[in-house]
Amino acid sequence: MAYSDKTRGMYSDILTGLQDAGLFKMERYIHSPQAADIEVEFPSGSSLKKVINICANNYLGLSSHPDVVKAAHEGLDSHGYGMSSVRFICGTQDIHRQLENMVSEFLGTEDTILFPSCMDANAGVFEAVLTKDDVMISDRLVHASIIDGIRLCSAMHDTFKHSDMAHLESKLQLHHDRRLKMVITDGVFSMDGDTAKLDEMAALCEKYDALLFVDESHASGFIGKTGRGTHEKYGVMDKVDIITTTFGKGLGGASGGCVSGRKELVEMCRQKARPYLFSNTIAPPVVAGVIKVLEILSANTELRDKLEKNTEFWRKGLTEAGLVLKDGDTPIVPVMLFNAKLSQDVSRGLYEEGVYAIGFFFPVVPQGQARIRTQISAGHEIHHLEKALDAFTKVGKKYNILGKSKQEIIDMYGM
Amino acid sequence: MEEMLEVVREYIIEEYVEDDSEVTFDTPLISGGIVDSFSMVSLKRFLENKYNISIPDDKATPEAFDSVNKICVLVKEYIA
Ligand SMILES: Cc1ncc(COP(=O)(O)O)c(C=O)c1O
């Protein structure tokens with residue numbers, strides 16, 4: 001047997017180390033469809049608890065929307081369950097191309113290529129379009145999947161301080177001699193809920209002849225007046241060269257992602273991106289579901305408008321309750337607790353009160369910036385948010401953090 | 001050498017340190033998590049421009065860049 005006791009012991013030591021360091025991740029089993037109200041088994045084996053979910057990326061409440069579920073059923077009937085092939089052998093159906101065209105239309109781009117996930121899109125895109133003569137200049141807080149994609153690409157890589165435009169400009173000057181320069185950012189940053197200054201970034205990219213890449217995973221469907229994304233919010237719909245996004249969050253929440261943008265760049269991905277070439281694409285029922293999602297979102301702005309109202313209500317409520325928030329206007333609303341253990345305790349307290357929200361701490365966020373990240377949905381009704389606010393108030397009182405400043409909380413609990 | 005040490009230290013603080021942590025000539029930069037190996041390239045390009053040298057990629061390793069002192073030793077090798 002090759003898996004010797006020594007090998008097993010080595011791995012169990014590593015895992016014990018993670019547990020001791022408080023870094024061990026545990027799943028909570030949800031027994032209901034994804035929605036505002038869910039039924040959770042936690043810890044494993046305990047009886048089911050009904051809680052309000054405020055930590056899903058289900059921004060538009062479409063994960064279990066009856067029209068989307070119905071469309072997926074119909075897609076299953078008309079196009080089958082799986083393709084048993086990658087795209088370029090015999091794994092492309094009419095609906096895959098239909099969805100690509102719809103995404104281009106929705107995002108205002110020239111062309112789109114689907115990927116099994118946005119993780120795969122980000123893993124494949126840089127290597128497909130850049131070479132060692134080029135440079136990638138990324139915001140220091142971009143998502144982990146972009147970092148992996150950058151690692152897989154032979155182009156030179158540099159970073160700029162988060163949202164610091166002067167620093168970005170100095171990097172564009174420093175690397176003026178590269179064949180191509182690509183500026184890389186998230187549209188909405190998932191941990192802080194702030195948005196990239198795409199108007200300024202687009203202007204810098206024009207000035208220094210650089211390509212602009214934006215990951216819109218936490219933006220597509222609801223940021224901007226008609227929900228097209230961060231590029232709509234900043235009035236630069238035609239200035240972003242590559243968008244990647246996911247269908248695993250606001251756009252139905254099942255799975256899948258894409259690269260969308262200039263048609264030559266998309267074609268380069270079709271010819272060269274490895275996760276596209278060597279992995280099955282999105283399954284037919286999911287494709288049918290995403291098509292329905294885009295139909296719903298193109299018909300009117302009802303859902304993103306409701307999300308905006310819910311978000312305002314939520315931010316105002318938490319602020320009035322006396323909690324410290326990160327500024328912003330996206331549905332990602334971090335409640336700052338600074339101390340890692342406090343974030344875990346508050347999360348547990350909320351759960352006891354019937355509210356499901358998770359504490360994030362180092363290394364997921366910087367040291368001393370532990371928080372509960374709350375995420376608002378168009379699937380929430382005001383009564384959900386009121387109940388969740390009550391829970392925050394109750395737990396906040398217990399830990400004596402209401403009306404306290406950042407410094408006061410740190411003085412009480414440490415960083 | 002003194003002057004080069006200061007120049008390099010200042011650049012590192014300006015470029016990479018976002019709180020008020022201290023950087024000495026021996027502070028581990030890459031293994032200490034101050035400079036992520038990803039952002040090393042601008043340090044390399046800064047040194048090359050500043051001292052008018054060219055450091056081969058295989059010499060610009062995370063180990064060779066791991067403190068202000070080590071960086072200056074490396075740079076000296078390439079100054080004619
Ligand atoms: C910014 C960003 N990009 C990409 C992804 C990956 O998306 P997917 O689940 O489609 O792989 C995520 C999901 O966590 C994300 O937050």
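Here residue A:166 qualifies as at pLDDT 95 or above, within 30 Å of residue A:336 (Cα to Cα) and open to solvent by 20 Å² or more (accessible area, probe 1.4 Å). Note on the range A:320-358: residues that are open to solvent by 30 Å² or more (accessible area, probe 1.4 Å) and farther than 23 Å from residue A:58 by Cα amount to 4.
A Cβ distance below 6 Å, combined with a sequence gap of six or more or placement on separate chains, defines the contacts here; from the range A:253-266, residues that are more than 14 Å from every other protein chain (Cβ to nearest Cβ) reach residues that are more than 9 Å from the ligand (Cβ to nearest atom) and charged (D, E, K, R) in the pairs A:261/A:241; A:262/A:110; A:262/A:241; A:263/A:110; A:263/A:111; A:266/A:111.
Residues are listed down the side, and each one gets a yes or a no for (1) away from chain A (no Cβ under 14 Å); (2) not in a loop (DSSP other than H, G, I, E, B):
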{"position": "B:25", "(1), (2)": "yes, no"}
{"position": "B:28", "(1), (2)": "yes, no"}
{"position": "B:44", "(1), (2)": "no, yes"}
{"position": "B:60", "(1), (2)": "no, no"}
{"position": "B:77", "(1), (2)": "yes, yes"}
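Within the range A:68-77, is there a residue that is farther than 28 Å from residue A:218 by Cβ, assigned by TED's automatic domain parsing to the domain that holds residue A:255, of a type in the set (Gly, Ala, Ser) and more than 16 Å from the ligand (Cβ to nearest atom)? No, the range A:68-77 contains no residue that is farther than 28 Å from residue A:218 by Cβ, assigned by TED's automatic domain parsing to the domain that holds residue A:255, of a type in the set (Gly, Ala, Ser) and more than 16 Å from the ligand (Cβ to nearest atom).
In the range A:204-241, the residue that is farthest from residue A:138 (Cα to Cα) out of those that are within 13 Å of the ligand (Cβ to nearest atom) and outside any loop (DSSP other than H, G, I, E, B) is A:230.
When A:24, A:42 are screened for being farther than 17 Å from residue A:377 by Cβ, aromatic (Phe, Trp, Tyr) and touching a helix residue (DSSP H, G or I) at 6+ places or on another chain (Cβ under 6 Å), only A:24 passes. Considering A:148, A:133, the condition of being within 15 Å of the ligand (Cβ to nearest atom), more than 27 Å from residue A:233 (Cα to Cα) and surrounded by fewer than 17 Cβ atoms within 10 Å (Cβ to Cβ) is satisfied by A:148 alone.
Every residue in the range A:169-196 that is open to solvent by 10 Å² or more (accessible area, probe 1.4 Å), assigned to a loop (DSSP other than H, G, I, E, B) and either within 16 Å of the ligand (Cβ to nearest atom) or within 12 Å of another protein chain (Cβ to nearest Cβ) (or both), please. Once the filter is applied, which keeps residues that are open to solvent by 10 Å² or more (accessible area, probe 1.4 Å), assigned to a loop (DSSP other than H, G, I, E, B) and either within 16 Å of the ligand (Cβ to nearest atom) or within 12 Å of another protein chain (Cβ to nearest Cβ) (or both), the range A:169-196 yields A:176, A:177, A:178, A:190, A:191, A:192, A:194.
In the range B:41-58, the qualifying residues are those that are closer than 19 Å to residue A:151 by Cα and out of contact with any strand residue (DSSP E or B) (no Cβ under 9 Å at 6 or more places or on another chain), and the one that is surrounded by the most Cβ atoms within 10 Å (Cβ to Cβ) is B:43. The set of residues in the range A:392-415 being over 22 Å from residue A:330 (Cα atoms), assigned to a helix (DSSP H, G or I) and not polar (S, T, N, Q) consists of A:394, A:395, A:396, A:397, A:398, A:408, A:409, A:410, A:411, A:412, A:413. Listed here are the helices (runs of 4 or more DSSP H) enclosed by the range A:4-103 that have at least 2 residues being aliphatic (A, V, I, L, M): A:5-20, A:66-79. Any idea which residue in the range A:252-290 is most open to solvent (accessible area, probe 1.4 Å), counting only those that are among the polar types (S, T, N, Q) and not in a helix (DSSP H, G or I)? My answer is A:280. Restricting the first member to the range A:215-242 and to residues that are at positive phi, and the second to residues that are among the aromatic types (Phe, Trp, Tyr), the beta-carbon pairs closer than 8 Å and six or more apart or on different chains are A:221/A:59.
The values are calculated or read from the model by the stated rules, or taken from the named source; none is laboratory data. Please read these numbers as outputs of a predicted model, since none were measured by experiment. Here the Cβ is made from the backbone with ideal geometry for all residues, glycine too, and neighbour counts use every protein chain on show. What goes into the accessible areas is simple: the full protein's heavy atoms, side chains included, and nothing from ligands, DNA or RNA. Shrake-Rupley method; radii C 1.70, N 1.55, O 1.52, S 1.80 Å.
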